[in-house]
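Engineer: Before I ask anything, let me first share the structure, which is written out below as structure tokens.
The values are calculated or read from the model by the stated rules, or taken from the named source; none is laboratory data. Quick caveat: nothing in here was measured; it's all calculated off a predicted structure. So basically every Cβ, Gly included, is an ideal-geometry build from the backbone, and we count neighbours across all protein chains shown. Note: accessible area is taken over every heavy atom of the protein model, side chains too, but ligands, DNA and RNA are not part of it. Shrake-Rupley method; radii C 1.70, N 1.55, O 1.52, S 1.80 Å.
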Amino acid sequence: MQDTANLMRLLSAIAAIVLGSGGIIALFYGANWLVNYLPYGLRSRVLPWVYMTPALAVLAAFLILPTIRTLIISFMDRRSEAFVGLDNYIFAFTNSAMLIAFRNNLLWLVLVTGISVSLGLVIAVLVDRVPYEPLAKALIFLPMAISFVGASVIWRFVYAYQPPGFEQIGLLNAIVVALGFEPVGWLVNRTVNNFALIAIMIWLQTGFAMVLLSSAVKGIPQDVIEAARIDGANEFQIFWRITIPMINSTIVVVSTTIIVLVLKVFDIVFVMTGGNLDTDVIASRMIKEMFNFRNFGRGSAIAVILLLAVIPVMVANIRRFQQQEANR
Amino acid sequence: MAHIVFEQVTKQYENGFVAVKDLNLAIEADEFLVLVGPSGCGKTTCLRMLAGLETISQGSIYIDGQRINQRSPRERDIAMVFQSYALYPHMSVFDNMAFSLQLQGTPKADIQQRVQAAATQLGIEGLLDRKPKQLSGGQRQRVAVGRAIVRNPAAFLMDEPLSNLDAKLRVQARAELSKLHKKLGTTFVYVTHDQVEAMTMGSRIAVMNQGILQQVDTPQNLYKRPNNMFVAGFMGSPAMNFFQASLQPAGDQLWIEAGTLRLPVPASVKASLQPYLGQPLVFGIRPENIYDPQFAPPGINPVELKATVSVVEMMGHEVIVYLALVDGHEFLARIDPRSRFQPGQTVQVSFDMNRFHLFDRASEQALV
Amino acid sequence: MSSLSPKRPAQARTWVDRLETLLTTAPVHLVVIVIALLWTLPTAGLLISSFRQPDALLTSGWWSVFVPPLDPTQFHLGNYITVLTRQGMGQAFINSLIITIPATVMPIAIATFAAYALAWMQFPGRQLLFVVIVGLLVVPLQMTLIPVLRAYNSLGLSGTFLGVWLAHTGYGMPLGIYLLRNYIGTLPRDLIEAAAVDGASHLKIFTRIVVPLSTPAIASFAVFQFLWVWNDLLVALVYLGGNQEVAPVTLVLRNLVGDRGQDWHLLTAGAFISMVVPLLVFLGLQRYFVRGLLAGSVKG
């Protein structure tokens, strides 16, 4: 019985995969075949839209229209029945839990971006000089493949706490105890818990920063470095006066990418502490408003605040893209 | 073997730029027509409109009497060789050459046979399994040509196919393309900015400038009787020398006066030039029609004049001399290598007055 | 050949040189090795612990396995068997595959077609569309959750695979189009035109020229999207809700943390099960992943 049920499950899984993947390709072939019956002039005008339509449809359905809808809901009450003006926004900027979330988010932004990028840069420069570079890079980069949930479990284990006197099974507390201190409740102690969570994100993102910065560092022409050396620059001067200015644009790109990611981070807080003990961030508050308190107005207002926060990045991206196009 | 006609064809881009203006051109079947002109003159646009890669803003293009404006490239039965060769980098040489046949649904054995034949003809049968990356420039060029000939198309379009070859290979490839044209007997439309390629390969040459067709003729006629100053200056290297001039009568003789120059007009053309007396003109003479009097061949109509040598470029089989008249007007002469002209010398040179050109200064059109 | 005499000093110099190099590079080695170790230890600890006995896990740190005597019998697969069969991780693993594969293939197909159109077809509004897509790259998912969830509830799509596939397709679309259009746009124009003259229709140009030549970019996006979907918690949490039948590994692992937070033998094994596929993909296709990141971020 159990076996046949599992077999059925597996078969339906394969069927689902084939249908989901094959369906979309069949769609394109079918549409293209139909368009071939149109005269040439019309065909060349219709065909681009045949290729674009599925993309535009999902973009509209999942990003553009919902974004507009969320904007509207953010001005309405918890069940989106009555217009409440700016109430939800006033709540978002005055409620004490929200203010803590803002503070935490700021902390996340500054620490994760600052440390990941600078550490990533240092590693990128240093790793260039060791023969086992690929291995070292792979090890540091590896966390990028791990989900926030998986990373959370890994670090819960690192932060595990046993009362004093018991054998510590968490690595961090074992070290603390070995150094002669009391074990710390990393996730419950309000002075350190936010930093404990932020450390996870740094662990995850440093590899990303390193890989991008490393390729930028390698892109600096060797003769520029050599010219600087002949001009009498030492390694530190080369780092500050040649390397950093030359990879400046990459540093900006990496930083903004991490900023956007950190703004949206929710999983780590959600899994590790559930946002309790003053560890909430904006994104996790939003899920709470939405699911726990069922207040869609407030949830939407918080989402809009997130959107507003990324708009400068959006504008910068578009500018950069337009310059890039102009240079083509 | 297609007869191609451009009828009042105009190409205007969305930004308003007119690349080709009111082009009328008939290309005979089996002809090797070269479209030549400086970069940006519209010659490539013409070719691309013919290929269907560019829409036609106004006018019509006909292939064998059929209007093809609304046909997609694949419905035009033409093959094209690109300047970059545009070989598909992920396909072997064989697949590159077979691609168009595969798309037509040609039977496999047939494809095999045609590709093999084309490869043998071009001497690339040993390269069929290679990827384009593994080929030299010359080999790539052959593959690009091979890709065109397997199709046996009504017309070959070539867009500067030799410009990526080094000088020596280019000379060789030029001769091979000419041979290929004779052998295939198909219409070739060939775009180049290089007037040497145009002169050596074309059965007729169409010279374009700023989107406008200047003149279409055989290489000889184009060289001997350019329609206007642009064609005169563009065809031939070094370019024709121009002097601002006017016609003045003195006694029963007509004189071309250009600054300090005073040149007698030969009696044979005197009558036809009479209407232009006193008008602003341009006098043109090619460097090869200027001689060191010591080595002037018989049969010319020499008029000697004084000039100062500034630079002498020894080319081996000829010498290019940069000269200046007393009034400072500079010109070039291509003279016999035995000549002893030295920089700084003031020398006598001979203009062959049987081989000069006169143009109207305002319209730049040729008079004789 | 030169005489023998210069050889000896040369050798001596090499030796001194080597020592000097070693001394000057020692700090570099130290820093790199320490950081690499620090970055690896948390994961290594988890992996080792997942094979230990449940009670041993709770009474001693994982590093104690290295204390002699080394005893191979303290390791077992029991935790994995328990978590796979009794905690729903086995079903969740299959669910994750069912979710991830179509949610990777669908956006690739859609984005590649769109990217080709944006790069090589003429139609009005082309530039504007792409600018909008660049803008959408950074729109937070949170902006879309409530309206999409409401729509899903009324359409009966919440708690279904189809719903998650479509959602991930939508969310992956801006990056996919952006990445692929940038790559496809750099293919030589001549190649596309040569194929057109050779008699290829747009679909043939697409399948025979553009797709084969764009495999690096497609692979990059595939790896990126695969990891993103497999590792996703938010979309699964919101659109699949409490339906355990369809829950992916991330969701089941998260519930495990909530329900059995101190059962480290289950958590460690569960976490590793959730990580094994992305780790394999990552190790096998790291090249494409990095290239995707590079193309997506540093270009221009």
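Engineer: Using beta carbons and a limit of 6 Å, which pairs, at least six apart or on different chains, have the first residue in segment C:123-146 and facing another protein chain (nearest Cβ under 7 Å) and the second one among the acidic types (Asp, Glu) and open to solvent by 30 Å² or more (accessible area, probe 1.4 Å)?
Structural biologist: Qualifying pairs under 6 Å: none.
Engineer: Conditions: (1) part of a helix (DSSP H, G or I); (2) open to solvent by 40 Å² or more (accessible area, probe 1.4 Å); (3) not assigned by TED's automatic domain parsing to the domain that holds residue C:252. Residue C:70 meets all but one. Number of the miss?
Structural biologist: Result: residue C:70 passes all but (1).
Engineer: Please work out if residue C:153 is open to solvent by 10 Å² or more (accessible area, probe 1.4 Å), assigned to a helix (DSSP H, G or I) and not β-branched (Val, Ile, Thr).
Structural biologist: In short, yes.
Engineer: Which of the residues belonging to segment B:230-264 are surrounded by 20 or more Cβ atoms within 10 Å (Cβ to Cβ) and in a loop (DSSP other than H, G, I, E, B)?
Structural biologist: B:235, B:240
Engineer: Next question, about the same structure. May I ask you to verify whether residue B:46 is in a helix (DSSP H, G or I) and either of a type outside the set (A, V, I, L, M) or farther than 23 Å from residue B:205 by Cα (or both)?
Structural biologist: Considered against the rule, which asks whether it is in a helix (DSSP H, G or I) and either of a type outside the set (A, V, I, L, M) or farther than 23 Å from residue B:205 by Cα (or both), residue B:46 comes out as yes.
Engineer: Do you know which residues across segment B:295-340 are crowded, with 17+ Cβ neighbours inside 10 Å and basic (Lys, Arg)?
Structural biologist: Scanning segment B:295-340 gives a single hit, B:334.
Engineer: I would also like to ask the following. Which of the numbered conditions does residue A:67 fail, given that it passes all the others? Conditions: (1) open to solvent by 30 Å² or more (accessible area, probe 1.4 Å); (2) facing chain C (nearest Cβ under 7 Å); (3) hydroxyl-bearing (Ser, Thr, Tyr).
Structural biologist: (1)
Engineer: Out of C:103, C:114, C:109, C:167, I need the residue that is under 12 Å from residue A:58 (Cβ atoms), open to solvent by less than 20 Å² (accessible area, probe 1.4 Å), part of a helix (DSSP H, G or I) and free of Cβ contacts under 8 Å to residues at least 24 places away in the same chain. Which one?
Structural biologist: Step by step, each of C:103, C:114, C:109, C:167 is checked, and only C:109 is under 12 Å from residue A:58 (Cβ atoms), open to solvent by less than 20 Å² (accessible area, probe 1.4 Å), part of a helix (DSSP H, G or I) and free of Cβ contacts under 8 Å to residues at least 24 places away in the same chain.
Engineer: Moving on. Mind counting the residues in segment A:33-71 that are without any contact (Cβ under 8 Å) to a residue 60 or more places away in the chain and over 30 Å from residue C:204 (Cα atoms)?
Structural biologist: 7
Engineer: Please enumerate the residues belonging to segment B:312-336 that are in a strand (DSSP E or B) and touching a Leu at 6+ places or on another chain (Cβ under 9 Å). Let's see the steps before the verdict.
Structural biologist: Filtering segment B:312-336 for residues in a strand (DSSP E or B) gives B:312-314, B:319-324, B:330-335.
Correct list: B:320, B:321, B:322, B:323, B:330, B:331, B:332, B:333.
Engineer: Here's another thing I want to ask about it. Condition test on residue A:325, is it at pLDDT below 90 and over 27 Å from residue A:149 (Cβ atoms)?
Structural biologist: Yes; evaluated as a whole, the condition is true for this residue.
Engineer: Then there's this: What is the number of the single condition among (1) within 23 Å of residue A:273 (Cα to Cα); (2) among the basic types (Lys, Arg); (3) at the interface with chain C (Cβ under 10 Å from one of its Cβ atoms) that residue A:137 does not meet?
Structural biologist: Of the numbered conditions (1) within 23 Å of residue A:273 (Cα to Cα); (2) among the basic types (Lys, Arg); (3) at the interface with chain C (Cβ under 10 Å from one of its Cβ atoms), the odd one out for residue A:137 is (1).
Engineer: For residue A:170, all conditions in the list (1) within 9 Å of another protein chain (Cβ to nearest Cβ); (2) within 24 Å of the chain's Cα centre (by Cα) hold save one; what is the number of the exception?
Structural biologist: Unmet for residue A:170, out of (1) within 9 Å of another protein chain (Cβ to nearest Cβ); (2) within 24 Å of the chain's Cα centre (by Cα): (2).
Engineer: Test each condition in (1) more than 13 Å from chain C (Cβ to nearest Cβ); (2) in contact (Cβ under 8 Å) with a residue 12 or more places away in the chain; (3) under 30 Å from residue A:247 (Cβ atoms); (4) open to solvent by 50 Å² or more (accessible area, probe 1.4 Å) for residue A:164 and report the one that comes out false.
Structural biologist: Checking residue A:164 against (1) more than 13 Å from chain C (Cβ to nearest Cβ); (2) in contact (Cβ under 8 Å) with a residue 12 or more places away in the chain; (3) under 30 Å from residue A:247 (Cβ atoms); (4) open to solvent by 50 Å² or more (accessible area, probe 1.4 Å), the one that fails is (3).
Engineer: Could you pull out the residue among C:155, C:149 that is touching a Ser or Thr at 6+ places or on another chain (Cβ under 9 Å) and more than 7 Å from chain A (Cβ to nearest Cβ)?
Structural biologist: C:149
Engineer: Let me ask something additional. Report yes if residue A:200 is more than 20 Å from residue C:262 (Cα to Cα), part of a helix (DSSP H, G or I) and not charged (D, E, K, R), otherwise no.
Structural biologist: Answer is no for this residue.
Engineer: Turning to a different aspect of this structure: Say we look at segment A:70-88 and pick out the residues that are farther than 22 Å from residue C:152 by Cα and assigned to a helix (DSSP H, G or I); which of these is nearest to the other protein chains (Cβ to nearest Cβ)?
Structural biologist: A:88
Engineer: If you take the residues in segment B:342-362 that are within 13 Å of residue B:286 (Cα to Cα) and open to solvent by 60 Å² or more (accessible area, probe 1.4 Å), which one is nearest to the chain's Cα centre (by Cα)?
Structural biologist: Among them, the one singled out is B:355.
Engineer: Return the only residue of C:51, C:75, C:93 being touching a residue at least 12 places away in the same chain (Cβ under 8 Å) and under 22 Å from the mean Cα position of the chain (by Cα).
Structural biologist: C:93
Engineer: Another question, then. Which of the following residues is surrounded by 13 or more Cβ atoms within 10 Å (Cβ to Cβ) and within 11 Å of chain C (Cβ to nearest Cβ): A:24, A:100? Can you show your working first?
Structural biologist: Details: A:100 fails: within 11 Å of chain C (Cβ to nearest Cβ).
Residue meeting the stated conditions: A:24.
Engineer: Hand me the list of helices (runs of 4 or more DSSP H) wholly inside segment A:223-323 holding 2 or more residues that are over 18 Å from the mean Cα position of the chain (by Cα) and surrounded by fewer than 22 Cβ atoms within 10 Å (Cβ to Cβ).
Structural biologist: Numbers: elements: A:248-264, A:267-272, A:282-287.
Hits in segment A:223-323: A:248-264.
Engineer: Further question on the same structure: Taking helices (runs of 4 or more DSSP H) that fall entirely within segment C:212-271, which contain at least 1 residues that are over 30 Å from residue B:95 (Cβ atoms), of a type in the set (S, T, N, Q) and assigned by TED's automatic domain parsing to the domain that holds residue C:85?
Structural biologist: Working: elements: C:215-231, C:234-240, C:249-259.
Correct list: C:215-231, C:249-259.
Engineer: Additional query: For the list (1) more than 10 Å from every other protein chain (Cβ to nearest Cβ); (2) in contact with a strand residue (DSSP E or B) (Cβ under 8 Å, 6 or more places away or on another chain); (3) under 30 Å from residue B:76 (Cα atoms), I need the number of the one condition that residue C:210 fails.
Structural biologist: (2)
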